[in-house]
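Reviewing the structure listed below.
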Amino acid sequence: MYTKSFQELKLEDTTKTEPKSEREKSYAKARYRNRVHESILKFVVSEMKMRGVNNKLIADRLGKDPGQISKILSKPSNLTIDTICEIGMALDADAQPPVFLRHSEIPQSQFAHPLIERALGTMPIPSEPVVDVKRLRDHKEPQTKRFQLESATRSAGRSSEFQSIEVSAS
Amino acid sequence: MSIQNEIIHRHTEGSIFAIVPKAKGAAPRRALFVTEEIWTELNSTHDDFWEKRYGELQAHLDVFASGALIGPKYLSLLYPARDAVWEIRNPESNPSLRVIGLFAQRDVFIATEIIRRDQLDGWQDRGWRELKRRAQAKWRNLFNTYPPLITADVYKVVSGAEVGRYYKDRA
């Protein structure tokens, strides 16, 4: 029996009293860890390119083994607030505290992969056999884009549920 | 019909399903499609342990779908390269899950199976060969006349990849 689909579980503003599900909680935590990890990796990589920094230098400045630094940077779960601070210090940088954004304040990105746009029903299937991906990517609606998400439905007799998300074009 | 149109056709008929990032504001910058079996598994209710695991897996798949930075610990090409079977690794939690699939074109991944890493032994284990055979069979079943992207160069399959070793040539 189908419950909420992958796409239907949304991190919505909480006006309900029911607790967040285990899946929602673990998703949110894992996603945040991934984003923090990516942010740090990008900074470290840019420092490596610009200033020739490497793991050994970071390790030397922190009194650690280079292998420890590689291990810390290899997985999101290996990062702690303290290790993030230390990496910043080693790179003469200041790790800023996190910022909370209300869901209602988070802007929806305008870009979507052309195939996803077509799959979700915003782009017509061209009759020509060759798809100009660049043209599809550059295509912009004048006002809004509407994404329609089709939730899971394979059982006989079960109607499809469509969920629309309004996206305002900038 | 092009591979893109074939993918859309399969999606329309319900053979594959698009995975888009779930979080607010996150856009699907890469195309990730999963087979019906994966979609069913991810949309079913499980006990708390697996609900947590699948929540983490969902966040992990969002890394690909949202166009975030990808490294060799995230994505890896299975030996031999000519089989064109890749795995998205999720080693963070126990048991580690692997999402197996093939690339239709750059930034377009068709996931055919999710498997627990602890169900497989070393790279020479028969289980890996069976896994790749099943992935290739599912690909042929979906896109018979279109070959997957066959390359060991990660930059030809994804944008936004870190420098690293994504393939171990075990020959």
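FYI, it's all coordinate maths here, none of it is from the lab. Only a predicted model underlies this, so the values are computations on that prediction, with no experimental measurement involved. Every residue, glycine as well, gets a Cβ built from its backbone with ideal geometry; the counts of neighbours run over all protein chains shown.
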Taking the simple approach of a point 7 Å from Cα along Cα-to-Cβ for both A:ARG51 and A:GLN110, what is their distance in nm? 3.6 nm
Backbone N within the stretch B:140-169 under 19 Å of label point (7 Å from B:GLN124 Cα along the Cβ vector): B:168-169
Enumerate the amide H contacts of B:GLU162 below 5 Å, restricted to partners 5 or more residues apart or on another chain; note that Pro and chain-start residues carry no placed amide H. B:ILE70, B:GLY71
With θ set to phi - 60° and the Karplus curve 6.51 cos²θ - 1.76 cosθ + 1.60, what are the ³J(HN,Hα) couplings of the stretch B:130-136 in order, to the nearest whole Hz, using x for Gly and Pro? 5, 4, 5, 4, 5, 4, 5
Where trypsin sites (Lys or Arg not before Pro) fall in DSSP loop in the stretch A:47-111, at most 12 other Cβ within 10 Å: A:ARG102
From the phi of every residue in the stretch A:48-57, what ³J(HN,Hα) in whole Hz does the Karplus formula 6.51 cos²θ - 1.76 cosθ + 1.60 yield, where θ is phi - 60° and glycine or proline is x? 4, 6, 7, 10, x, 5, 9, 4, 5, 5
Along the stretch A:30-39, what does the Karplus equation 6.51 cos²θ - 1.76 cosθ + 1.60 (θ = phi - 60°) give for ³J(HN,Hα), rounded to whole Hz, x for Gly and Pro? 5, 5, 5, 4, 4, 5, 5, 4, 5, 4
Which residues' amide hydrogens lie under 5 Å from the amide hydrogen of B:SER44, considering only partners 5 or more residues apart or on another chain, with H built in the peptide plane? none
Chymotrypsin sites (Phe, Trp or Tyr not before Pro) in the stretch B:93-135 lying in a DSSP loop, each with at most 13 other Cβ atoms within 10 Å of its Cβ, come to B:TRP123
Enumerate the amide H contacts of B:VAL85 below 5 Å, restricted to partners 5 or more residues apart or on another chain; note that Pro and chain-start residues carry no placed amide H. B:LEU78
